[in-house]
Structures are given as C-alpha cells and as structure tokens.
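Nothing in this text is a laboratory measurement; each read-out follows from the coordinates by a stated rule. Being a predicted model, the structure only gives us computed values, none of them experimental. Note: ideal-geometry Cβ built from the backbone for every residue, glycine included; neighbour counts use all protein chains shown.
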Amino acid sequence: MSALLEIHGSIAVIRIDNPPVNGLGLSTRTSINEFLQESLSRDDIAAIVLTGTAKAFSGGADIKEFGTDKTFASPNLPSVLDAIENARKPVIAAINGVCMGGGLELALACHYRITMSGCPIALPEVKLGLLPGAGGTQRLPRLLDMATCIDMVSNGSIYLSENLRQSALFDSFIDDQSSLLSSAIEFAIAKSAARPIPKTSERPVVQVGDPNLFEAARAVFHKKSPFLPAPIKCIDVLEMSTLHSFEDGLKKEREAFQFLLNGAESKALRHIFVAERAVGKIDGVNAETTVRTIKQVAVIGAGTMGAGIAMNFASAGIPVQILDAQAASLERGLLRIRQNYGATVAKGRLSQEQCERNCALISGAQDYEQIRDADLVIEAVFEQMEVKEEVFRSLDRVMKPSAILASNTSTLDLDQIAQFTSRPTDVIGLHFFSPANVMELLEIVRGKLTSPEVLATCANLSKKIKKTAVVAGVCDGFIGNRMLAQYTKQAAFLLEEGCTPQQVDRAIENFGFAMGPFRVSDLAGNDISWAIRKARRISKPDEIYSDLGDLLCEQGRFGQKTQAGWYDYTAGDRTAHPSALVANMIGDYSQKNGFKQRSISDQEIVERLIFALANEGRKILEDKIAARSSDIDVVYLKGYGFPRHRGGPMFYAELVGWDYVDAAIDTFSRGHRGETWA
Ligand code: T1G
C-alpha cells in the first residue's frame, strides 16, 4: 500500500505514503481511491482530509510510469481526481510540503485546500516536455490569475505557498506548521455539512484582463525555446480554458498531453531528469560509506582555474586557502573572484564580501605547512607531470593523514600522480570546467586505488557547491574531453572537404547547440586546443588531426581575444564575421593536400559531429571509464552545451538507432579521413 488511513472522530485522514516524494504511481492512486471509497461508504465519516507524509504532499505523477498504460494522465485509467471531485462528502487537501505536477492537480480536484508557509507549489511538467495532463490547465485558471498560470505552467516556475497566500488557491493558511493536520481536521469538521460542496471545475475562469496576454506569451517562447513544443502547447490549452467548457477544455488538454508525451523532446527531457539523478549512484559507495567532514579546503594555484575553483567553496561557506608562489598571481586571483562572483553557481545567501572573507591568500608558500590542516587540497598548477610530481610529493609529506589530495588535471594520468604519494587511496581527480565557478559539471576522476570513502566525500561535497558530479575512470580526456576531441576533429575534416566554419556552426546550431565548434573555439581560445594537439602529437604520434587549426594559430588567430580566429571580429564586438583569409587558407590547404571538395548537407554535418560523440561514448563505456550511458549524456549536456531537448549524444544515438548510426559510420569510414572512425 502507498497510502495510509487514519480516523480522527468523524474525519478520515488519507496520507499519501510513497517515499521519497509521494509520487502518484498507479498503486498509490489505487490506495488513495480505496480509502476514499471506504470513507465515503462509512456513515460515521463526515469529511475526508488528504495529506502527505514527511516533507511532501506529492511530487506528482510517477515519471517512471510514462510510456506505460499506468501513467497518471492515461485516458484509459479511472481517475482518482474525478472520484475526489465528485465525492458526496467534502475532501480537504492539507498541503504539508512539496506539491507539484499531478500532486497539485490532486489538490485542485479537492474541494478545499489548506496549507502553511514553505511548501513548493508548481506545475513543472513543461520541464519534462509535457503539460499538466490531469486537469491542471483547466482548474488552475479557476483559482489563480492567468498571468500566474502562464508562468507556472509554461515556465514551470515554482512558487512558495506563502507567495500565493492571498489567492483563491488556498481556503485556509496556518502559521504554526506543527498544527497543519489538526487545523485541517477542524476545517473539515466546520465544512462537513456545508452544501453544495464546491467543485473547482464549476468555478468560472478568473478574468484574463489583458486580451493580448496569450499572444505575447507565445512570442516570448517562440524566441526563448524555439525547439520546444511544450511551452506553446501549455499556453494554447490555458487559453482553451477561457474559450470552452471545463469538459471540452479537458479534452483539449488530454490531446495536447498525449501529443507531447509521444514526442522526442519529452522523451529526451524525461531521460535527462532520471539521468541527472542516476549519476549519484556510484559503484562501491552506499549509504553506509563513511563521508569525511570537509571544513577547510586549500587550492594550489591562483590562476583562472584555481581562483574559480576556490570561489565554489568560498561562496558555499567553506573556508578556502589559495596558495600561489607569486603574490601578483594571488592579487589577480582575488580580482577574478571579485569580478566573477556574480556568476558563481554555488553562491547562496553569501555576499561577495563574505565570499572573499572565506578566502585566505597565501603567497610564496612552497612548504605547504600553512595548509597542512586542510581536509581537501586541490592542485590547479601547470599541466605538466613534473610539476604535479613535485606538488604531490610535497603534499604527501605535509598534509594531515585524513586529507584528500585532489588534482584538477584534465589530461594527465591520475594513477601516475597517485604513485607520487604514500597514500594513493586518498588521491582523486576533481576536473572542473572553465569558468570553474560557473560550469555546473564536475568530473570526479576515480583512480585505481581511490577509496570509496574519498569518492563518497567528494560526491557529497559536489552537491554543497552545486555541481553535477559524474564519476570517470582514468584515461586521456576522461569522458567529456575525450569525446570533444573526436567532435572537433570531424569539424576540421569537414572544412577540408569544402565546408566553411559558418556552415558547420550553423548546421549544429540548428540541431540545438547554442554555439557550433568554431564559434566555441574562437571563444575559448584556439591556442588551447593547439597546445593539446602539440602534446598529443608527442604522446600519440599515430593520432590523425587536420593541420588547419595549427595553421590558424601560427598566424596568431587565437579567436576573440585576438579579434581573429576562425572568424573575424571587431574590437569590443563578439559578432563572428566569416573570414575571407580563413576561407583562402582552407582552400589552399585542401588543394595542396589534394582533398576532394564536395557539397555536404547539413544532415551529414550533424551526423558526422554527433555520431563522433556517440561512437567515442560507446568506447568509453567499453573501457569502463563511465558507469552508464546516461552519465555520458549528463557530462555532455552539463559541460559541453549539448541541447537538453535532444537528451545527450548516447540518447540521440539510441533514438535514431545504433544500426543507423553504425551504417552512417561505415559510410564515413570509407570517405575522407575514414581511418579516424576505426
Ligand atoms: N516521478 C518519479 N520519481 C521521482 C519524481 C517523479 N515525479 N520526482 C522525484 N523522483 C525521484 C527522483 O528520481 C529521485 O530518485 C528521488 O525521487 C529524489 O528526487 C499528470 C504528468 C519533487 C522537487 O516534475 O522536481 O505529474 O535518485 O533528488 O531534490 O500532470 O524530485 O532517489 O532514485 O529530485 O528533494 C511532475 C519532479 C511529474 C517534479 C524533490 N512533477 N521532481 O527534489 O529530490 S509529471 C515533477 C522534482 C506529472 C501530471 C504530470 C524533485 C522534487 P532516486 P530528488 P529533491
């Protein structure tokens, strides 16, 4: 059973009891309905209170049931909401916590609603590519003004109950949180004889006011989310509530819900909802795994990365020491903290001044004595093994026994780094992405000897600094950069065959990326990938790359910072202008190398780039560098801008079918630079 029944005198209390969020799966809905029918049949029961256990009333329909015939909004399932609304005794919703999606729709079908402060109220289905499919779009506008309905339904905005206190959504609002149930029971007793029993569906729709409200909202979403059908559908069905009867409006809602439910966008967004939570399931780590307390962090290196990393902790209220041999670097690091604090994802209620107060700058310290008591030290020094070796040998000598020693390396072998210490089980990789205080992704790199305790501690800490942490094994590039290397390679090979940078960028941006590979490279700095290719040409001499990126950098065209890269720029303007010089450079290079030029479709451009990602992702899974396919999707969404409504490279490959992908790769492997698809 996933509901409980308690009798309080003449009042029946039905408690939704399906941890962790009281999801309204079929068994829960069935239990609620059984207890409802029992309460309605008993002469000694005058009214019913419906509430939740713990901190949730209900988080909504069970997302995992979608695609089955059990789903909440399934037209072929008797609705517990109809049973409640048509009950011949008053049903009162006592909203005790999270009340979202189908949970709010359940409360809207009740005859009265009582709540307290601090309850998140939302219809966030749009974030899953859906819309409220159980009457929410037709009942809410009978209680709240339409502008708020549009914000709640089309944006998925979450409102705290106290911010809706004056609305008709709640019939009673209590201030003493401990007395919600007793107040609800008293309210039920007071209403038990009141007739007629008020039905939300029989209330008139609240006056819209602005006749242009719906059109203006559509214009916003056409611009804001051109790839997503759900927000516009939400507005359409909300508007239907003003044009049709409740029953007809419900039919329109149901049609729109089924349309969205079966759409690729919603499948992708539901996949990511589950994937973002699955990353926290780490092999060898469970609820019993010890998590060390991290009260003090130290960061070695006050460069762009070091300062950004430090900001994550300082802005989450964790004191952090920042070390750098050069006092000037520290000053620059502090300046970066001041300048970039506003964008820091981890900033909670801390002010910039409080964040700075959490930062202790230590210059010239080479003996690390001053940081020996730190619980976690993260090195963000120069990306050379010799430098890392010196740092880790010193840290091993100085740091207290329980300290965790982390490297921010993005390309070096963490297992080799761990061997520089006498405590390899305490060594881990924490690969932040630049700008480190902004990018949500954190790759936690698990060395062969990294202990589950150290893993659990870092995974727990990542939540405190508001990062999405994905565990990766040790290999060159871990998960994201390893895939990015194949993506950027294919992008350059497309230029060798006759594409222009703007054609490649436009094709992948029309697929949904915010920026194509060449605009991204100009933004990040073409010299960064240039340095990586130079290093790889030594470490992996057989690796095949296009020389175009090198030719570009040899002309000093590093991108926006030099006002010239794959594109031309004017001072102070980030607009990318196609470059005749680059076009000539590509043409000359391809002609010199005898590369056959051809017209390439946008579809091929997209498939070459996306299947390069998926193909490498598949190898990453085979090498056991990622724990699951959906982790790879989360990495590429959170760290590399893969469009969320496409679900990630692995999800997209599964959606189009791996047979199709393999057939395409087989064709590519017989074409230009085909050997790189092996
Ligand atoms: N269905 C299934 N599982 C859910 C779930 C849901 N609705 N919500 C959460 N979970 C799981 C989640 O996967 C995780 O699982 C655990 O609960 C804790 O979640 C007909 C069609 C409620 C604010 O979109 O926003 O109703 O990892 O880590 O941080 O119109 O969960 O432990 O295995 O997020 O405390 C609409 C989605 C559904 C709300 C709690 N409802 N959930 O946050 O916990 S569609 C939503 C959330 C619908 C109707 C339509 C949050 C939360 P695991 P968590 P949290």
| message | Let me understand region 297-472 better: what is its radius of gyration from the alpha carbons, and its Dmax, in angstrom? | response | 14.6, 40
| request: Mind putting a number on the dipole of region 3-262 about its Cα centre? Charges go on the C-beta only, +1 for Lys and Arg and -1 for Asp and Glu, and I need it in Debye to the nearest 20. | output: 260
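Rounded, prolate or oblate for region 377-499? Axes are the square roots of the Cα gyration tensor eigenvalues, ordered a ≥ b ≥ c, and the cut-off for rounded is a/c under 1.5.
Prolate.
Go through Lys534/Lys561; Lys400/Lys448; Lys463/Lys540 and tell me which ones have a Cα-Cα distance over 27 Å in this structure.
Lys463/Lys540
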| field | Stokes-Einstein D for region 480-677, Kirkwood Rh over Cα pairs, 37 °C, 0.692 mPa s (µm²/s) | value | 190
| So which of Lys281/Lys466; Lys70/Lys638; Lys464/Lys638; Lys127/Lys638 end up more than 21 Å apart, counting from Cα to Cα? | Lys70/Lys638
| field | Point-charge dipole on Cβ atoms (K/R +1, D/E -1) for the chain, about Cα centre, debye to 20 | value | 460
| For the chain, treating each Cα as an identical point scatterer without solvent, what Debye log10 I(q)/I(0) comes out at q = 0.10 1/Å? | -1.06
| remark: Relative contact order as a percentage, the chain, C-alpha pairs under 8 Å and 6+ apart, gives 9
| message | With unit charges on the beta carbons (Lys and Arg positive, Asp and Glu negative) and the dipole taken about the Cα centre of the chain, which residue among Val274, Leu581, Ile665 sits farthest to the positive side? | response | Val274
| query | Tally Lys/Arg at +1 and Asp/Glu at -1 over every other residue whose Cβ is under 11 Å from the Cβ of Gly306; what's the total? | reply | 0
| task | Quick one: grab Rg to one decimal and Dmax as a whole number for region 50-157, Cα atoms only, in Å. | result | 13.2, 37
| said: Give the aspartates and glutamates reachable from Lys223 as a straight Cα distance under 14 Å; neighbours fewer than 8 places away on the same chain don't count. | reply: Glu215
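Note down the net charge around Arg446, summing +1 for each Lys or Arg and -1 for each Asp or Glu among other residues with Cβ under 11 Å from its Cβ.
Details: positive: Lys448, Lys624; negative: Asp283, Asp415, Glu443.
Net charge in that neighbourhood comes out at -1.
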| field | Cα long-axis angle, helix 230-243 against the chain (0 to 90 degrees, to the nearest 10) | value | 20
| field | Distance from region 278-349 to region 1-52 (C-alpha centre basis), Å | value | 47
| In region 247-355, trypsin sites (Lys or Arg not before Pro) in a DSSP loop with at most 16 other beta-carbon atoms within 10 Å | Lys281, Lys295, Arg349
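Can you sort Trp658, Trp677 so the residue with the fewest Cβ neighbours within 10 Å comes first?
Values: Trp658 15, Trp677 19.
Fewest to most other Cβ atoms nearby, the residues stand as Trp658, Trp677.
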| task | Would you kindly give the portion of the calculated P(r) for region 3-262 that falls above 32 Å, as a percent of all Cα pairs? | result | 17
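Just add up the charged neighbours of Leu180: K/R +1, D/E -1, any other residue whose Cβ is under 13 Å from the Cβ of Leu180. It would help to have the intermediate numbers written out before the result.
Values: positive: Arg15, Lys55, Arg113; negative: Asp175, Asp176, Glu186.
Value of the local net charge: 0.
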| Sparse-neighbourhood loop sites, GluC sites (Glu not before Pro) in region 439-519 - DSSP loop, at most 12 other Cβ within 10 angstrom | none
| said: Which GluC sites (Glu not before Pro) in region 288-361 sit in a loop by DSSP (not H, G, I, E or B) and have at most 12 other Cβ atoms within 10 Å of their own Cβ? | reply: Glu288
| request: List the lysines whose Cα lies under 20 Å from the Cα of Lys89, skipping any in the same chain that are fewer than 8 positions away. | output: Lys191, Lys199
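Quick one: putting +1 on the C-beta of Lys and Arg, -1 on the C-beta of Asp and Glu, what dipole do you get for region 85-171 around its Cα centre, in Debye to the nearest 20?
Working: 7 positive and 7 negative charges, 50 e Å.
Dipole of region 85-171, to the nearest 20 debye: 240 debye.
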| field | Reference-scaled alpha-carbon Rg (2.2 N^0.38 Å with N residues) for region 234-284 | value | 1.71
| task | Go ahead and estimate [θ] at 222 nm for the chain from helices alone: -39,500 (n - 2.57) per DSSP H run with n ≥ 4, summed, over the residue count, rounded to 500. | result | -13500 deg cm²/dmol
| field | Leading residue at positive end of dipole, region 487-546 (Cβ point charges), from Gly512, Trp530, Pro541 | value | Pro541
| task | Identify, among Cys119, Gly9, Met152, the residue whose Cα sits farthest towards the positive end of the charge dipole of the chain, taking +1 on the Cβ of Lys and Arg and -1 on the Cβ of Asp and Glu, with the dipole about the Cα centre. | result | Gly9
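Relative contact order for region 3-262 using alpha-carbon pairs under 8 Å, separation at least 6, rounded to a whole percent?
19
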| said: Just to confirm the number: angle between the C-alpha axis of helix 526-539 and the first principal axis of the chain, 0 to 90 degrees, nearest 10? | reply: 60
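Percent relative contact order of region 567-656, based on C-alpha pairs within less than 8 angstrom and at least six residues apart? Display every interim value, and only then the final one.
Values: 54 pairs, mean separation 16.0, N = 90.
Here the relative contact order equals 18 percent.
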| field | 0 to 90° range, to nearest 10: angle between helix 580-592 axis and the chain longest Cα axis | value | 60
